[in-house]
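Worksheet: the structure to be examined is printed underneath.
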Amino acid sequence: MEPLTGGEVGDLTALFAEPAATRLTGPDRATLVDEGLPLASGDVTATTATATLTALADQAGTVVLVAAGLALEVEAEVEGGTLVVRRGGELVLAPTSEGWRIAGYDMAVQRDGPGLDPATTTTAEVTP
């Protein structure tokens with residue numbers, strides 16, 4: 001939640017395989033990162049943070065895909081009240097020549113609170 005404290009998200013493309021990496025810098029960025037939100041005037045608190053990993057192995061027992069189910073809810077005091085960001089969905093990780101990368105995702109985010117006009121909900125999906 002760097003943007004809530006005045007930081008920047010930075011370049012995340014090295015974590016993603018194509019075509020997911022390209023979509024991260026384009027139409028899906030608003031679903032995957034939080035930029036342009038009001039700055040927190042106090043602590044940023046994760047009220048929910050869960051991840052469930054499910055591995056898919058071939059007949060030899062080699063893991064070939066991992067699905068990561070994610071749920072994250074963050075609250076931050078901002079000017080005028082409390083900002084709440086809820087993000088959930090699934091990332092699909094796959095081995096590449098550079099190591100494990102995010103090959104696909106199905107994510108949704110909902111943002112509620114002051115400084116948002118109106119409250120926003122966005123979704124994005126890329127299948128490997």
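The values are calculated or read from the model by the stated rules, or taken from the named source; none is laboratory data. Because the structure is a prediction, the values reported are computed rather than measured. Methodologically, a virtual Cβ is constructed for each residue, glycine included, from the backbone with ideal geometry; neighbour enumeration extends over all protein chains shown.
Observations, loosely collected:
- Which numbered condition S97 fails, given (1) out of contact with any Leu (no Cβ under 8 Å at 6 or more places or on another chain); (2) in contact (Cβ under 8 Å) with a residue 40 or more places away in the chain: (2)
- Positions within region 1-30 being of a type outside the set (G, A, S) and touching a residue at least 60 places away in the same chain (Cβ under 8 Å), in sequence order: M1, L4, L15, F16, P19, R23, P27, D28
- Tallying residues that are under 10 Å from the mean Cα position of the chain (by Cα), at pLDDT 95 or above and either crowded, with 20+ Cβ neighbours inside 10 Å or among the aromatic types (F, W, Y) (or both) within region 88-118 yields 1.
- Residue within region 48-66 that is surrounded by 13 or more Cβ atoms within 10 Å (Cβ to Cβ) and within 21 Å of M107 (Cα to Cα) present: yes
- For region 19-46, taking the residues that are among the hydrophobic types (A, V, I, L, M, F, W, C) and within 19 Å of A68 (Cβ to Cβ), the one that is modelled with the lowest pLDDT is identified as L24.
- Residues that are surrounded by 13 or more Cβ atoms within 10 Å (Cβ to Cβ), out of contact with any Lys or Arg (no Cβ under 7 Å at 6 or more places or on another chain) and modelled with pLDDT of 85 or more, drawn from region 1-18: V9, L12, T13, E18
- Test: residue in region 46-65 that is under 18 Å from E18 (Cβ atoms) and part of a strand (DSSP E or B): yes
- First in region 31-49 and of a type in the set (G, A, S), second anywhere and at pLDDT below 90 and surrounded by 11 or more Cβ atoms within 10 Å (Cβ to Cβ), Cβ under 6 Å, 6 or more apart: A40/L4; A40/T5
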